[in-house]
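**Q** First, the structure itself, so that you have it in front of you.
Every read-out reported here was derived from the displayed coordinates using simple, explicitly stated rules and does not represent laboratory data. All values reported here derive from a predicted model rather than from experimental measurement. Positions of Cβ are generated from backbone atoms using ideal geometry, with glycine treated the same way; all protein chains shown enter the neighbour counts.
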Amino acid sequence: MRSPLRTLAASTLVLEAFVLFFAGLVAKDLSGLSVAQAVGGAGVLALLCLLTAGLLRHRVGYGIGWALQLAMLATGVVVPMMLGIGALFVALWVVSLVMGTKVERERAYVAAVLAAREQAGTAGETGTSGEGAGTSGAGAQGTQVPDEGAAAS
């Protein structure tokens, strides 16, 4: 199963690449940059965003992603409208990292609960389970998880 953190971060970088490319086309008119400078600079940043999306399988990819967010903000020095767009993408990047981490943590919790439930079910079949029928004490925070067999009785 794919990592939600990686999926959200990669989606943000790919979207940012498209925005950077099209912003480069507009930047030539909004700044003193030549067409080659504006489109070339934006194209390089867009290409770096796409390459970094592929590097997110490694932790270094996230560091490069942060550097690209700073570079996006820095384009606001040359094209002031890019400061707002850069701030929007920094916020989107932070939300992607926070929510992706949260979903991964919740998936790990659910997997642990299911594994404990399965282990309790196996122990219950051999008659060595000391737990009451209908619940599994597998919650990391002390929550009781209903057993599927309890609903049938």
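**Q** What ³J(HN,Hα) values, in whole Hz, does the Karplus curve 6.51 cos²θ - 1.76 cosθ + 1.60 give for region 60-73 when θ = phi - 60°, with x put for Gly and Pro?
**A** Computed from phi, the couplings for region 60-73 are 4, x, 6, x, 5, x, 4, 4, 5, 5, 5, 5, 4, 5 Hz.
**Q** Which of the peptides 67-75, 8-16, 33-41 is most tightly packed, and how do the rest follow, judged by the mean count of other Cβ atoms within 10 Å per residue? Please report the intermediate quantities before stating the final value.
**A** Working: 67-75: 17.4, 8-16: 20.9, 33-41: 15.0.
The most tightly packed comes first, giving 8-16, 67-75, 33-41.
**Q** Under a crude label model (7 Å from the Cα following the beta-carbon direction), how far is VAL60 from SER11 in nanometres?
**A** 2.8 nm
**Q** By how many nm would the segment from PHE22 to SER34 grow when fully extended, if each residue of separation counts as 0.36 nm and the alpha-carbon distance is taken off?
**A** Taking 0.36 nm per residue and subtracting the Cα distance, the gain is 2.8 nm.
**Q** VAL95 to ARG107: extension gain in nm, 0.36 nm per residue of separation minus the Cα-Cα distance? Spell out each step's value before the answer.
**A** Working: separation 12, 0.36 × 12 = 4.32 nm, distance 1.79 nm.
Computed gain between VAL95 and ARG107 is 2.5 nm.
**Q** While we're looking at this one, here's another question. In whole Hz, with x marking every Gly and Pro, tabulate ³J(HN,Hα) for region 85-93 from phi via Karplus 6.51 cos²θ - 1.76 cosθ + 1.60, θ = phi - 60°.
**A** My calculation for region 85-93 gives 5, x, 5, 4, 6, 4, 5, 5, 5 Hz in order.
**Q** Using the count of nearby Cβ atoms within 10 Å as a rough guide to exposure, how do ARG6, ARG107 rank from fewest to most?
**A** By the 10 Å Cβ count, ascending, the order reads ARG107, ARG6.
**Q** Within 10 Å of each residue's Cβ, count the other Cβ atoms and sort VAL19, VAL94 from fewest upward.
**A** Fewest-to-most ranking of VAL19, VAL94: VAL94, VAL19.
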